[in-house]
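**Student:** Below is a structure I'd like to ask you about.
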Amino acid sequence: MELERKEFWRWPEYRWTAPDLDWRGGEIVTGGIDIGSVSTQSVIMVDGKLYAYSNMRTGSSSPDSAENALIWALDETGLLQKEIHYIVGTGYGRLNVPMADRTITEIACHAMGANFIYGPSVRTILDVGGQDCKIIRCDEKGRVGNFLMNDKCAAGTGRGIEAFAELLSIPIEDIGERSFQVDNEPEPVSSTCVVFAKAEATGKLHEGWSANEVIAAYCIAMARRITELINRLGVEREFAITGGQSKNIGVVRRIEKDIGVEALPWKEIDPQIAGALGAALFAKALVEKSRKRKS
């Protein structure tokens, strides 16, 4: 009998629908689809209110990932794709969203989405994706003023955390908490390449380090690399984090300590959907602009 192998690197997939919002009474129904290298989010908004969303693993095909995420977001809502007035694609695979009426960069969409989630006081946004990391400055309307992006290296991104979760056979959602279950903060792993960082971590395990110490060493290294990027642009309060790594307290708390600024807490809306949320908001603005021209 073959046992099913647990995939420790995989984040849980989920969807949500607003229990008290009926799309049938809305004037403008819009969609945003954010195809990242690791996960894909689809958001549906009704008159600028969050109606439904899905978050699932990005597959080998970006068009299929976009289709699957949208279908799942619409599941059991009665809303059909053809009844969505406008869809904006964003993210790593934005050029391969077959149902998109337009594409907009993830930098603009994350700024707009963070403005919606955290409020107009947000001025600095950190987005840590699967393959890159961005620090964004914006105004009170979520418009981008400046930004910086790291080199495309998985050691400072979500892919790196996945690699360590799999190496250590620890569920990825437990990584952050486990990184604090150490007597003292260890020295960070030194490599800037995830392949060599894994080799270095394996060596530490052979030397007698615990799994928690190895996790802590990697989270510290990741936080320091991200802090270097943040310091190059500077932090203007308020500070918010979007993307999947906003859920990794092992990295987030260490970044906060390094920069001396606490990130705004997220409560009701998952910051991982910020890109898709911003795309749906842009879609609404484009519908309104088109209707105003025609009137």
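**Student:** Debye sum, Cα scatterers, the stretch 146-295, no solvent: what log₁₀ I/I(0) at q = 0.12, 0.21 1/Å?
**Tutor:** Each listed q corresponds, in turn, to -0.56, -1.36.
**Student:** In addition: For the chain, treating each Cα as an identical point scatterer without solvent, what Debye log10 I(q)/I(0) comes out at q = 0.09, 0.17 1/Å?
**Tutor:** Once normalised to I(0) and log-transformed, intensities are -0.44, -1.34.
**Student:** What does the stretch 246-295 give for Rg and for Dmax, in Å, if only its C-alpha atoms count?
**Tutor:** Final numbers for Rg and Dmax: 17.4, 53 Å.
**Student:** Percent of Cα-Cα pairs per 10 Å bin, from 0 to the last occupied bin, for the stretch 209-273, please list those.
**Tutor:** It works out to 20, 51, 25, 4, in whole percents.
**Student:** Quick one: order S65, S60 from most to least accessible surface, probe 1.4 Å.
**Tutor:** S60, S65
**Student:** For C138, tell me the accessible area in Å² from a 1.4 Å probe, rounded to the nearest 10.
**Tutor:** Near enough 10 Å² of accessible area.
**Student:** Could you order T90, T17 so the one with the most accessible surface comes first? Probe is 1.4 Å.
**Tutor:** Greatest to least solvent exposure: T17, T90.
**Student:** Now for a different question. Hey, got the dipole for the chain? About the Cα centre, +1 on K and R Cβ, -1 on D and E Cβ, debye to the nearest 20?
**Tutor:** Computed charge dipole of the chain: roughly 1180 debye.
**Student:** Using DSSP loop states and a limit of at most 14 other Cβ atoms within 10 Å to flag GluC sites (Glu not before Pro), what is the longest stretch of the chain containing no flagged site?
**Tutor:** 141-206
**Student:** First obtain the Kirkwood hydrodynamic radius of the stretch 29-89 from its Cα pairs, then insert it into the Stokes-Einstein equation at 20 °C and 1.002 mPa s, and state the resulting D in µm² per second as a whole number.
**Tutor:** D = 188 µm²/s.
**Student:** If you don't mind, there's one more thing I want to ask. Can you give me the P(r) profile for the stretch 1-131? Cα pairs, bins 5 angstrom wide beginning at 0, each as a whole percent.
**Tutor:** Here the calculated profile for the stretch 1-131 is 2, 10, 19, 22, 20, 14, 7, 3, 2, 1, 0, 0.
**Student:** Can you give me the Cα centroid spacing of the stretch 231-249 and the stretch 1-74 in angstrom?
**Tutor:** Centre-to-centre distance over Cα atoms comes out at 23 Å.
The values are calculated or read from the model by the stated rules, or taken from the named source; none is laboratory data. Remember, it's a predicted structure, so these values are computed and weren't measured experimentally. Virtual Cβ from ideal backbone geometry, glycine too; neighbours counted across all protein chains shown. These area figures cover heavy atoms from the full protein model, side chains too; ligands, DNA and RNA do not enter into them. Shrake-Rupley method; radii C 1.70, N 1.55, O 1.52, S 1.80 Å.
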